[in-house]
1. How much mean residue ellipticity at 222 nm does the chain get from its helices, if each DSSP H run of length 4 or more adds -39500 (n - 2.57) and you divide by all residues, to the nearest 500 deg cm²/dmol?
2. Which residue fluctuates the most in the chain, going by a Gaussian network model with Cα springs under 10 Å, if the choices are Ala38, Ala14, Ala68?
3. Once fully extended, how much extra length lies between Ala17 and Ile92, figured as 0.36 nm per residue of separation less the alpha-carbon to alpha-carbon distance?
4. Show me, for the range 100-114, the HN-Hα J-couplings you get by feeding each phi into the Karplus relation (A = 6.51, B = -1.76, C = 1.60, θ = phi - 60°), rounded to Hz, glycine and proline as x.
5. In nm, what is the difference between 0.36 nm times the number of residues separating Glu67 and Glu7 and their Cα-Cα distance?
6. Just one of (i) 35; (ii) 71; (iii) 56 is percent of Cα pairs over 25 Å apart calculated from these coordinates, so which is it?
7. Looking only at Glu104, Glu113, Glu67, which one moves most when the chain is put into a Gaussian network model with springs between Cα atoms under 10 Å?
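Coordinate-derived values only; no laboratory data. Small disclaimer: the values here were computed from a predicted structure and weren't measured.
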Amino acid sequence: MASSKLEFLAAKVASGASVKAAAAELGLSERHAYRMAAEVEFKQLVASIRSEALSGVVGELGVAAQEAVRALRDALGGASKPAEKIQAARAILSSLAPLSELCELRSRLDALEQSNNQLRVAR
């Protein structure tokens, strides 16, 4: 289990602070902080903290994207001028291909990771 100093240092670095600045805030020597930062546990902790933060942001963006799609659909259906309808339709369609590709890549990556995990278990 990570010590509170290691957790604090990792949280600060994960949020963008330098090791030097985080060490000063924690009252550690810079040298000791860099030694802590070189540990595998520290690197894993920073990666985990960043992953959790990113996951929250992605969730919020997903909600915002749903609202944006609704707004575009409303604009598409409520537009009185053909040019407005075309603009809304283009906005919707231009998002479709990259998102579809991303979903496909994610699915393929998940399958590869699952195969890799099965191979590790079989050994």
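1. On the way: 5 runs with 107 residues, N = 123.
The helix contribution divided over the chain gives -30000 deg cm²/dmol.
2. Result: Ala38 has the largest fluctuation of those listed.
3. Stretched fully, the Ala17-Ile92 segment lengthens by 23.2 nm.
4. 4, 5, 4, 4, 5, 5, 5, 4, 5, 5, 4, 5, 5, 5, 5
5. Here the segment from Glu67 to Glu7 would lengthen by 17.9 nm.
6. Here the calculated entry is (iii).
7. For the chain, modelled as a Gaussian network with Cα springs under 10 Å, the answer is Glu113.
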